[in-house]
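What follows is a single structure, written as structure tokens, with notes after it.
The values are calculated or read from the model by the stated rules, or taken from the named source; none is laboratory data. This structure is a prediction, so every number in the text was calculated from the model and none was measured. Positions of Cβ are backbone-derived with ideal geometry, glycine not excepted, and every protein chain shown enters the neighbour counts. Each accessible area value is taken on the protein alone, full model and side chains, heavy atoms only, with ligands, DNA and RNA left out. Shrake-Rupley method; radii C 1.70, N 1.55, O 1.52, S 1.80 Å.
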Amino acid sequence: MKLDYEFINEILINFVESETSTVSVDDFIELYEKDSQKLAHHLILMQEKKLITGAFSHEKLGIELEFDEQGRYEFTSGMPWRITSEGYDFALALNKPDVLTIIKDRFQREGLSAVIDITKKIAVKQVTKLLDE
């Protein structure tokens, strides 16, 4: 499955715009119904990069791989997650003007680690430009 940075952005927006400090799969119904496996895949990658974490265990997201022929992920409903400070930084940088467009147009084939670093550099460059004005 390919990394989808627009999808990651949608996930992060849900965390950032939440009224509460934690969210669960129940807060992602639209994305879940669109493609639960894509959601699970991207959440796990985001957890591996420490953008999100389990609210209780600081690791466990409540996503388990079901051992059947399809190898599908299953969610534990209600398991709380939270965004990390690294996740906030990435979410805010990704939503600066044109950053997501630049990532999708120029860096779609790069890995998540590289895109996190690139996004931060673009955001810092934009802020530095504002300071210089």
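Details
- Any chance D68 is modelled with pLDDT of 90 or more and open to solvent by 10 Å² or more (accessible area, probe 1.4 Å): no
- Some residue of the range 76-87 being at pLDDT below 90 and open to solvent by 80 Å² or more (accessible area, probe 1.4 Å): yes
- Residues of the range 1-43 that turn out to be β-branched (V, I, T), open to solvent by 40 Å² or more (accessible area, probe 1.4 Å) and assigned to a helix (DSSP H, G or I), as a count: 3
- Sole residue being among the hydrophobic types (A, V, I, L, M, F, W, C), open to solvent by less than 60 Å² (accessible area, probe 1.4 Å) and on the phi < 0 side of the Ramachandran plot, chosen from V124, V115: V115
- Across the range 78-118, the number of residues qualifying as β-branched (V, I, T) and either under 13 Å from the mean Cα position of the chain (by Cα) or outside any helix (DSSP H, G or I) (or both) comes to 4.
- Some residue of the range 49-58 being closer than 17 Å to Y5 by Cβ, open to solvent by less than 40 Å² (accessible area, probe 1.4 Å) and either assigned to a loop (DSSP other than H, G, I, E, B) or among the hydroxyl-bearing types (S, T, Y) (or both): yes
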